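K.L.:
The structure's right below; bear with me while I get my questions together.
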């Protein structure tokens, strides 16, 4: 089920402070699909998005960003996707991310004890590093429609209603 953020004309666009960073970590392609979908929706609404794979992401890049959306999958029982291995090594120490405001979409499988384990560890690291979440991380089991609707609602709310990073 695809949900629409709605026409940009219904909501005022927030003032631009540069492009929004949108990074994804995927094993099977689900997180990648939803990252591209989110980027396309934001692009249609006039938001400049810089989309990249997690293996191109670094704490240094996050430190120079003000706004980020992170879309990640957890594999098996809490493991990060292969494309996030290098980034996870960098998560051993906190980073200086006080300027960063972010949203997190995390995919997992509830049959595992560590449901969304990678997403939860990423969120904890971001918090310890001083980054601020715009909304609680959205966790999705098997592309659950209600969780994805919540993601789009939250992204739309802070991006277009002045409740997000541009209002800070």
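K.L.:
Using DSSP, restrict attention to beta bridges with both residues in region 19-162 and report what percent are antiparallel, rounded to the nearest 5.
P.N.:
Working: 1 of 24 bridges.
The antiparallel proportion sits near 5 percent.
K.L.:
Same structure again: Where a ≥ b ≥ c are the square roots of the eigenvalues of the C-alpha gyration tensor, would you call region 51-108 rounded, which needs a/c under 1.5, or, failing that, prolate if a/b is larger than b/c, or oblate?
P.N.:
Taking the square roots of the gyration eigenvalues as a ≥ b ≥ c, region 51-108 is prolate.
K.L.:
Using a/c under 1.5 as the rounded threshold, could you call region 16-92 rounded, prolate or oblate? The axes a ≥ b ≥ c are square roots of the C-alpha gyration tensor eigenvalues, and prolate needs a/b larger than b/c, oblate otherwise.
P.N.:
It comes out oblate by the Cα gyration axes.
K.L.:
I've got another one for you. Find how much the distance from residue 52 to residue 124 grows on full extension, using 0.36 nm per residue of separation minus their present alpha carbon separation; answer in nm with one decimal.
P.N.:
Full extension of this stretch gives 23.8 nm more.
K.L.:
Expressed in nm to one decimal, what extension gain is obtained for the pair residue 64 and residue 40 from 0.36 nm per residue of sequence separation less their Cα-Cα distance?
P.N.:
Value of the extension gain: 6.3 nm.
K.L.:
A follow-up question, please. Could you work out the Kirkwood radius for region 19-162, taking every pair of different alpha carbons, averaging 1/r and inverting it, reported in Å?
P.N.:
It works out to 14.9 Å.
K.L.:
Shifting gears a bit: First check a/c for region 82-149, with a ≥ b ≥ c the square roots of the eigenvalues of its C-alpha gyration tensor; if it is under 1.5, answer rounded, and if not, answer prolate when a/b is larger than b/c or oblate otherwise.
P.N.:
oblate
K.L.:
A follow-up question, please. Just rank 30, 140, 72, fewest to most, by other beta-carbon atoms within 10 angstrom.
P.N.:
30, 140, 72
K.L.:
A follow-up question, please. Rank the residues 110, 41 as a footprinting-exposure proxy: fewest other Cβ atoms within 10 Å of their Cβ go first.
P.N.:
Numbers: 110 11, 41 20.
Placing the least packed residue first, the sequence is 110, 41.
Computed from the coordinates by the stated procedures, all read-outs in this text should not be read as laboratory data. What you see is a predicted model, and the numbers here were worked out from it, not measured in a lab. Cβ atoms come from the backbone with ideal geometry, glycine included; neighbour counts cover every protein chain shown.
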